[in-house]
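Derivation of every value follows stated rules applied to the coordinates shown; laboratory data play no part. Owing to the predicted nature of the structure, the values given are computational and were not obtained by experimental measurement. Ideal geometry is used to build each Cβ from the backbone, glycine not excepted, and the neighbour counts take in all protein chains shown.
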Amino acid sequence: MPNWQPNWQNVRWDWGAADEAATALRRAADRLEQSASDRSAVAREAQAEWRGTYRERFDEYLSRILRGAHDLASQCREAASRIARASQQAADEQRRRELERERWYRERDEEERARQRH
């Protein structure tokens, strides 16, 4: 019997839920960016002949709104990427555990064969 033990527990991770969450975050980011693009297009029409203080206020407000939408979209994409990395790490860890188990069984079998030869 090998003098070490592999981790016999499987990694606990819900790959389906993680994938759904990452997909939802990417979809939200796409919608935010599309909304910002649509707002920008509509605003250009309104801004074409608009002058004065209210136009300047509007431009500042629009700029804040668009920047906020793009920032939030970036945060959503980053969160989706973190989830994807966590899923990959869980898969890598599960594979590592499986390889360690295979190694343990191989060593046990080799020891048993060696014992039978003697």
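Would you mind ranking Val11, Val42 so that the residue whose beta carbon has the fewest other beta carbons within 10 Å leads the list? Walk me through the intermediate numbers first.
Numbers: Val11 16, Val42 11.
Exposure proxy ranking, most exposed first: Val42, Val11.
Could you compute the longest span of the chain free of trypsin sites (Lys or Arg not before Pro) located in DSSP loops and having at most 10 other Cβ atoms within 10 Å, not counting the site residues?
On the way: sites that count: Arg12, Arg51.
Maximal segment without exposed cleavage sites: 52-118.
Once you place label points 7 Å from the Cα toward the Cβ at Arg101 and Ala48, how far apart are they in nm?
So the label points at Arg101 and Ala48 sit 6.7 nm apart.
Between helix 53-117 and the chain, what is the angle of the helix's C-alpha long axis to the longest principal axis, kept within 0 to 90° and rounded to the nearest 10?
For 53-117 against the chain, the angle is about 10 degrees.
Calculate one ³J(HN,Hα) per residue across the stretch 34-42 by plugging θ = phi - 60° into the Karplus curve 6.51 cos²θ - 1.76 cosθ + 1.60, and present them in order as whole Hz with x for glycine and proline.
Rounded to whole hertz, the list is 5, 4, 4, 5, 4, 4, 5, 5, 5.
With mean projected area of the Cα convex hull in nm² as the read-out, I listed (i) 10.1; (ii) 7.0; (iii) 7.8; which label goes with the value calculated from this structure?
So the calculated entry is the one marked (i).
If each DSSP helix of 4+ residues adds -39,500 (n - 2.57) and the sum is divided by the residues in the chain, what number results at 222 nm, nearest 500 deg cm²/dmol?
Values: 2 runs with 98 residues, N = 118.
Calculated mean residue ellipticity at 222 nm is -31000 deg cm²/dmol.
When Glu56, Glu100 are ordered from fewest to most other Cβ atoms inside 10 Å of their Cβ, what list results? Write down the numbers at each step before the final one.
Details: Glu56 11, Glu100 15.
Lowest count first: Glu56, Glu100.
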